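To keep things clear, I will list the structure first and then write my remarks on it.
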Amino acid sequence: MEKRQLGNSGLEVSALGLGCMGLSFGYGPAADKTAAIALIRVAFDKGVTFFDTAEAYGPFTNEELLGEALEPFRDQVVIATKFGFEGGDSKAGLDSKPETIKAFVEASLKRLRTDRIDLLYQHRVDPNVPIEDVAGTVKDLIQSGKVKHFGLSEAGAQTIRRAHAEQPVAALQSEYSLWWRQPEKEIIPTLEELGIGFVPFSPLGKGFLTGKIDENTTFDKSDFRNVVPRFTAEARKGNQVMVELLNRIAEQKGATGMPATPAQIALAWLLAQKPWIVPIPGTTKLHRLEENLGGAAIELSAEDLREIEEAAAEITVQGERYPEALQKRVGN
Ligand SMILES: NC(=O)c1ccc[n+]([C@@H]2O[C@H](COP(=O)([O-])OP(=O)(O)OC[C@H]3O[C@@H](n4cnc5c(N)ncnc54)[C@H](OP(=O)(O)O)[C@@H]3O)[C@@H](O)[C@H]2O)c1
């Protein structure tokens with residue numbers, strides 16, 4: 001698979017990474033551990049060198065899973081993880097106090113079975129800790145060799161600038177896809193100006209953009225999508241028009257005579273936006289992993305992109321992407 005640079009950081013990763021959250025957390029029960037380890041290793045065999053986790057996924061079990069799965073080829077991959085919640089619990093409060101970050105890194109290194117974290121993100125901006133203090137703490141960790149690069153997640157443009165002035169930010173990880181394009185307004189121009197890479201999370205719209213979810217889909221009771229306004233049955237029905245657009249483009253594309261899939265088009269569209277964008281789709285299923293990685297081989301022409309642009313401009317996506325309480329955590 002093609003490699004990409006995350007901004008000016010010098011950090012090189014596969015054009016598509018693997019988002020590992022769903023293997024342990026967020027979308028129903030955790031996957032079987034043996035199968036999850038096998039899936040991560042297949043991803044590596046197929047050229048993925050960028051693996052995304054967080055303390056909060058589980059909490060802790062997802063980092064442990066990656067530690068075990070990646071150990072045999074640790075030096076050939078880039079591991080990204082995140083700190084920022086009290087006790088690692090994403091339902092608890094935010095906590096980016098310097099001593100918490102340092103303790104997190106020690107524990108995370110053990111779980112990940114490694115001596116350094118390649119990319120360390122703050123998961124959410126903590127309004128009680130100046131971002132300069134967070135960046136300064138990560139700077140010290142970089143100087144000690146325990147961390148290689150600094151990242152932010154769902155931070156606003158001002159926070160990104162302030163953090164970057166203290167310690168260069170290698171990557172921002174925030175939601176971005178055909179049905180969430182807010183970052184195009186202020187964030188992407190800021191990243192471009194500062195030379196920071198962009199790692200879109202939920203690049204498949206939490207599964208919706210693949211076309212496998214409709215108004216009749218039911219989710220496990222522990223599935224986060226049950227509380228997302230964009231995933232009410234009514235919104236799912238209304239938003240099928242976005243899947244129809246992806247299907248139409250998919251039929252026109254595809255490599256060896258086979259039509260592409262909506263998931264592949266959703267990923268190819270993200271890759272076409274900027275050469276320093278690296279989406280991290282997640283799946284628990286081997287056949288979907290293969291499908292998604294196929295998205296990196298699809299080149300959308302200027303005409304394809306124009307067609308998508310024009311059709312998307314006619315679509316009003318229904319439902320907020322987050323419930324109100326979570327939207328409040330998105331930084332300025
Ligand atoms: N920084 C943050 O705050 C944040 C927030 C959310 C996510 N993330 C990161 O971003 C990664 C990806 O985001 P995400 O998992 O939320 O969303 P996503 O990658 O947009 O979608 C994942 C969902 O789509 C399904 N799926 C994947 N490929 C598919 C395919 N080809 N056909 C049909 N369904 C498919 C998966 O189900 P199956 O498992 O059944 O295939 C899963 O439910 C996460 O793993 C995590 O590492 C970060």
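Every number in this text was worked out from the coordinates using simple rules, so none of it is lab data. Not measured: the values here are computed from a predicted model. All Cβ positions, even for glycine, are placed from backbone atoms using ideal geometry, and neighbour counts span all protein chains on display.
Based on the Cβ-Cβ distance from T232 to A313, what FRET efficiency comes out when R0 is 35 Å, to the nearest 0.05?
0.90
The helix-based estimate of mean residue ellipticity at 222 nm for the chain, built from -39,500 (n - 2.57) per DSSP H run of four or more residues and divided by its residue count, is -11000 deg cm²/dmol to the nearest 500. Amide hydrogen proximity for I117: with H placed 1.01 Å from N in the peptide plane, the residues at 5 or more positions away or on another chain lying under 5 Å are V147, K148. Of the trypsin sites (Lys or Arg not before Pro) found in region 191-224, the ones in coil according to DSSP and having at most 16 other Cβ atoms within 10 Å of their Cβ are K212, K221.
The Cα center of region 44-117 and the Cα center of region 118-193 differ in position by 17 Å.
Rg over Rh for region 185-332 works out to 0.96, both radii taken from alpha-carbon positions and Rh defined as the Kirkwood radius. Relative to the current alpha-carbon distance between Q240 and E132, full extension at 0.36 nm per residue lengthens the span by 34.6 nm. When only the Cβ of Lys, Arg, Asp and Glu is charged (+1, +1, -1, -1), the dipole of the chain relative to its Cα centre reaches about 420 debye.
All distinct Cα pairs of region 90-192 go into the 1/r average, and the inverse of that average, the Kirkwood radius, is 14.3 Å. The angle between the Cα long axis of helix 157-166 and the longest principal axis of the Cα atoms of the chain comes to about 40 degrees, rounded to the nearest 10.
Over 20 Å apart at the Cα level, from the set K237/K328; K212/K237; K3/K253; K3/K46; K3/K110, are K237/K328; K3/K253; K3/K110.
Scanning residues 5 or more positions from L18 or on other chains, those with amide H under 5 Å from its amide H are F50, F51, D52, with H placed 1.01 Å from N in the peptide plane.
The amide H of G47, built 1.01 Å from its N in the peptide plane, has no neighbour under 5 Å, considering only residues 5 or more places off or on other chains. Ratio of the chain's C-alpha Rg to 2.2 N^0.38 Å, to two decimals? Relative to the rule-of-thumb radius for its length, the chain sits at 0.94. Considering only S14, F50, Q252, the residue lying farthest towards the positive end of the dipole of the chain is F50, judged by Cα position with unit charges set on Cβ.
Once the Cα atoms of helix 98-111 and of the chain are each reduced to a long axis, what angle between those two axes, in degrees from 0 to 90 to the nearest 10, is obtained? Value to nearest ten degrees: 70.
Using the alpha-carbon positions of region 221-264, Rg (one decimal) and Dmax (whole number) come out as 14.1, 40 Å. Length gained on full extension, R162 to L286: 40.6 nm, using 0.36 nm per residue less the C-alpha separation. Candidates P189, P275, F25 compared by Cα position along the dipole of the chain: farthest toward the positive end lies F25, with charges placed on Cβ. Between the listed residues N239, T218, L204, the Cα displaced farthest toward the positive end of the dipole of region 191-246, a dipole computed from Cβ unit charges relative to the Cα centre, is found at T218. Relative to the longest principal axis of the chain, what angle (0 to 90°, nearest 10) does the C-alpha long axis of helix 61-70 take? Long axis of 61-70 versus the principal axis of the chain: about 90 degrees.
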